[in-house]
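Written below as structure tokens is the structure these notes are about.
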Amino acid sequence: MEILFSQLNDEYLTLIIDLLDKNNNKISYFILWILINVSYFDFNENLFSSNLDNIYKIACFLGNNKNDKILTYRGIWLLRNITSNNNKIKDELLKYNIIEYYNEIYHKYCLDNEFAHELLICIGNFTINPSKKYIKQYIVIIKLIQIHLNISTNLKWLNKYLFFLNNLFSLNSNEILREMVEEEIYKKLINIYPFGNISEDEDGEGENKAYIKSMQILIIKILGKILSIDEDDDDSTIKALINYGIINFLNKVIDSIYTSLDNDNIKLIKNIAFCLSNICTGDYDQINELYKSQIFIKLIKIGSNIYMALKNNFNLKENETKLIQEAFREICYVFCLTIINSVYDKLIPFAQYQNSIVIIFIIEALKLFKNKYDLIELSLKSLCHLANYDKEIDEFNKKIRVSDYNISFSEIMERNGIKNIIELLMKSNNHEIRHLSEELYDNLFSFHNSK
């Protein structure tokens, strides 16, 4: 069979496809079946894209036969195969507004779950390597997928749908993010998040465990992206998520993984921290909700474990070290933004917790992430904020500190090697980093010299 199909060329394929236009359903059924079989072979990518008129003919045929469920089902099957790895064909079909065709078909046959799923899998191909030219069509995809984000949907299918949504973030489009907010995707994600732990030694449940792990990471990733929406200083999206219980939800997720820091859970922590850092960019009320939830305390404890893993580096593989560093980096973003955007009555107990370990984390971040200029800037700003607090307190308290319980934030920074670090940063080519380093240096050392 493979030898026979390998002899097909553009001319033969065109002759076969032209038979679809004979107004004979019986012949059309067989022609589609032949084309589906051809589409399974590796050479189909070049064969079907060598003459894009053939793609147009297939699209027109399917558009004219929407009322025939069998023909439509086979047509969807064919389109799914020829678009799986072929950007040229996908682009051609998107020019014909193929997603609107899918939308019509979906609403015609949506009561058939198997059919709806096959259709969504076909649509999902168009979310891989998406183009900004077709954002309007991708918005239709979001509308269709959100319908199936519920706990009654098969775990395997849910994973696919979440994967498709996550792919669309590569567009860096606020329009896509706004559509997800408009469709209240965040509510669906929170409601379907799988908290259950499935043991692999239970019959048939090892695969389910893999789906659950994948779903958990994808859901937190998508929520983080939604929270990152640029709203021109309007935090209505973040506030909507807070009102719906995003902070309590993230707290519950942390509690569910608290005792285990395997690779999957490290990925979860990384993405949870990304969610929290976006919340921390908001106003005082938003950060106050985080303080009230005690989530910062849990993140400090997890951060301590991650920090020790980085420092000790016991038999870590390269990919494991990279993953742990990424999680630690996101945690440091959270702590820097918390320090910068907090009022002192909330900030001080937080910054002093566990012997001011958050300061140690931030200093470690300055050492580790030398190319992350945004994190370096935030780290320097947060340390300046604490140094300024020391100066303000010193105006009211001229007593000499005689106890480590009264140690200042500035002294903690000095003990952990901040001087050498900021002396290097003062030579940075980045103007903002150089300026902040000089400010911190002056604050720290002029503060002590004046005592």
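The values are calculated or read from the model by the stated rules, or taken from the named source; none is laboratory data. Only a predicted model underlies this, so the values are computations on that prediction, with no experimental measurement involved. Glycine also receives a Cβ, built like all others from the backbone with ideal geometry; neighbour counts cover every protein chain displayed. Heads up: the accessible areas ignore ligands, DNA and RNA and are worked out on the full protein's heavy atoms, side chains in. Shrake-Rupley method; radii C 1.70, N 1.55, O 1.52, S 1.80 Å.
Using 1/(1 + (r/R0)^6) with R0 = 41 angstrom and r between the beta carbons of Glu175 and Tyr29, what's the FRET efficiency to the nearest 0.05?
Working: r = 40 Å, r/R0 = 0.98.
Given R0 = 41 Å and the Cβ-Cβ separation, E is 0.55.
Measuring from centroid to centroid over Cα atoms, what is the spacing of region 330-369 and region 23-64 in Å?
59
Helix by helix through the chain, keep the DSSP H runs that span 20 Å or more along the axis on Cα and average at least -0.5 on Kyte-Doolittle, and give those back in order.
On the way: long enough: 25-39 (21 Å, 1.19); 69-83 (21 Å, 0.30); 206-227 (32 Å, 0.60); 263-279 (24 Å, 0.39); 295-312 (26 Å, 0.86); 318-341 (35 Å, 0.27); 344-368 (30 Å, 0.86); 373-396 (35 Å, -0.19); 431-449 (26 Å, -0.87).
Span-like helices, by this rule, are 25-39, 69-83, 206-227, 263-279, 295-312, 318-341, 344-368, 373-396.
Can you give me the % of accessible surface on the chain that is carbon or sulfur? Probe 1.4 Å, all protein chains present, nothing else counted. Show your work: numbers first, answer last.
Numbers: 10500 of 22090 Å².
With neighbouring chains kept in place, the figure for the chain is 48 percent.
As a check on your grasp of the helix formula, calculate [θ] at 222 nm for the chain: sum -39500 (n - 2.57) over DSSP H runs of n ≥ 4, divide by the residue count, round to the nearest 500. Write out the running numbers ahead of the final one.
Working: 25 runs with 333 residues, N = 451.
Here the helix-only value at 222 nm equals -23500 deg cm²/dmol.
Once both labels are modelled 7 Å past Cα along the beta-carbon direction, what's the Tyr96-Ile407 spacing in nm?
Between Tyr96 and Ile407, the simple spin-label model gives 7.1 nm.
Would you mind getting the accessible area per residue of the chain, heavy atoms of the protein chains only, 1.4 Å probe, in Å²? Could the numbers behind the result be given before it?
Details: 22090 Å² over 451 residues.
Result: 49 Å² per residue.
(1) 71, 50, 41; (2) 97, 47, 46; (3) 61, 54, 50: which one is Cα extents along the principal axes in Å as calculated from this entry?
The value matching this structure is (2).
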